[in-house]
Amino acid sequence: MDKKLPSLKIGDLESKLPIIQGGMGVGISMAGLASAVANEGGIGVIASAGIAMHDPDYEKNVRAANKRALANEVRKAKSLTKGPIGVNILVALSDYDALSVVCLEEGADVLFLGAGLPLKIFGDLPKNEVKDVKIKVVPIISSARALNVIFQSWLKNYDRVPDAVVVEGPLAGGHLGFKREQIEDPGFALEKLVPEVVAAMQDFEKRLGVSILVIAAGGIYTGGDILKFLKLGAGGVQMATRFIATDECDAYPEFKEALLKCGKDDICIIDSPVGLPGRAIRNHFLDEVYGGRKIPFKCPWKCLRTCDYTNVPYCIALALVNAKKGLMGEGFAFTGANGWRVDKIVPVKELIGELVAEYEAAAGLSS
């Protein structure tokens, strides 16, 4: 293993470093953070979930507001960097198809697809055009089984396969693609998942005569962690939580402070109103809703297909956007399992420098 942190290649797209900043929805990773990461050699990612909740026209025409807000953020990010800019879109979003087309139109470099199996991509775009799109399409999966389902479906329907995959383990922040009982089960640890997905990918690579990257995500915190997963066969890593505690993160200072102040015991697994477990920082808001308080809200539309908004105790999108704006009494922050280890807010440049130095130190010791 090279002692220098290698580059990351997804087809003909290359970033100087194998570090992808994970998409954090409802305004946490927007153009500011994404462009800063891209300028330092990584891939910066804008998250589309809840992207227009600040828009004054949001309640009048949500679909139009979301498309407009995403287009504006991609344009802004690309004006601030020459590095690669990605967009994270949840497959469970009601306007998933429309937002993926916006990414095509605005020239985003990579499209990361999470929260569901993306068996359909780019809406009503003709299948022959889907095959030849320039944007790199990267599903986020939690198992080798999911990889097989997606690859077989895309080969059948589009005569193509994803350009890479992100395998995300149960130590990630936010909504998790695992059952509650799997989160602490060693059988689902990222260290076990990555080799399984790499082995499944090798079968497709041999069959198709191509090289397809596997990217590890979920609980990766240090440069030493990056080295560990590259040794397990990953071609890169995705990191999100550490990028919250940066100057360029698009969240308000109070949101970042919640991460700095949290201890290990403050990080908990919640049952999200959208039907998935999630990892968050416990606070008064969560204590109240899980103590039985119902928080009234008006739903302008069903943003996630899995949300039964008529029966949930609170709107998670509204709670998250309140937190992003620093109103921690009216919401809460998602975090990865290692969020309690964050103890300072630094520029993205400094964080990337730390990760590179940690990697090189670990590589030197292990050689």
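Of note:
- For region 68-87, a tally of residues being crowded, with 19+ Cβ neighbours inside 10 Å, farther than 13 Å from GLY44 by Cα and touching an Asp or Glu at 6+ places or on another chain (Cβ under 7 Å) returns 1.
- Given (1) without any contact (Cβ under 8 Å) to a residue 60 or more places away in the chain; (2) assigned to a loop (DSSP other than H, G, I, E, B); (3) in contact with a Ser or Thr (Cβ under 8 Å, 6 or more places away or on another chain); (4) of a type in the set (A, V, I, L, M, F, W, C), number of the condition LEU17 does not satisfy: (1)
- Residues satisfying the stated conditions in region 60-104, i.e. in contact with a Leu (Cβ under 9 Å, 6 or more places away or on another chain) and in a loop (DSSP other than H, G, I, E, B): PRO84, VAL91, ALA92, SER94
- Listed here are the helices (runs of 4 or more DSSP H) enclosed by region 107-198 that have at least 2 residues being in contact (Cβ under 8 Å) with a residue 40 or more places away in the chain and assigned by TED's automatic domain parsing to the domain that holds ALA49: 144-158, 180-183.
- Test for ILE135: is it under 18 Å from the mean Cα position of the chain (by Cα) and at pLDDT 90 or above: yes
- Any hit, region 58-67, residues being surrounded by 19 or more Cβ atoms within 10 Å (Cβ to Cβ), within 25 Å of GLU40 (Cα to Cα) and basic (Lys, Arg): no
- Options LEU90, LEU111; residue that is under 16 Å from ILE215 (Cα atoms) and either crowded, with 19+ Cβ neighbours inside 10 Å or under 16 Å from the mean Cα position of the chain (by Cα) (or both): LEU111
- Restricting region 205-223 to residues that are outside any loop (DSSP other than H, G, I, E, B) and surrounded by fewer than 18 Cβ atoms within 10 Å (Cβ to Cβ), the residue that is nearest to the chain's Cα centre (by Cα): GLU205
- Test for LYS344: is it over 23 Å from LEU230 (Cα atoms), of a type in the set (D, E, K, R) and in contact with a His (Cβ under 9 Å, 6 or more places away or on another chain): no
- Restricting ASP343, ASP250 to those that are assigned to a loop (DSSP other than H, G, I, E, B) and surrounded by 15 or more Cβ atoms within 10 Å (Cβ to Cβ) reduces the list to ASP250.
- All conditions in (1) surrounded by fewer than 24 Cβ atoms within 10 Å (Cβ to Cβ); (2) part of a loop (DSSP other than H, G, I, E, B); (3) hydrophobic (A, V, I, L, M, F, W, C) hold for ILE28, with the sole exception of (1).
- Screening PRO170 against (1) modelled with pLDDT under 90; (2) touching a Leu at 6+ places or on another chain (Cβ under 8 Å); (3) not basic (Lys, Arg) leaves a single unmet condition, (1).
- Residue within region 144-159 that is closer than 20 Å to GLN21 by Cβ, touching a strand residue (DSSP E or B) at 6+ places or on another chain (Cβ under 9 Å), at pLDDT 85 or above and among the small types (Gly, Ala, Ser) present: no
- Verdict on VAL356 being buried (at least 18 other Cβ atoms within 10 Å of the Cβ), among the β-branched types (Val, Ile, Thr) and not in a loop (DSSP other than H, G, I, E, B): yes
The values are calculated or read from the model by the stated rules, or taken from the named source; none is laboratory data. Note that the structure is a prediction, hence the values are computed from the model and not measured. Note that each Cβ is placed from the backbone with ideal geometry, even for glycine, and that neighbours are counted across all protein chains shown.
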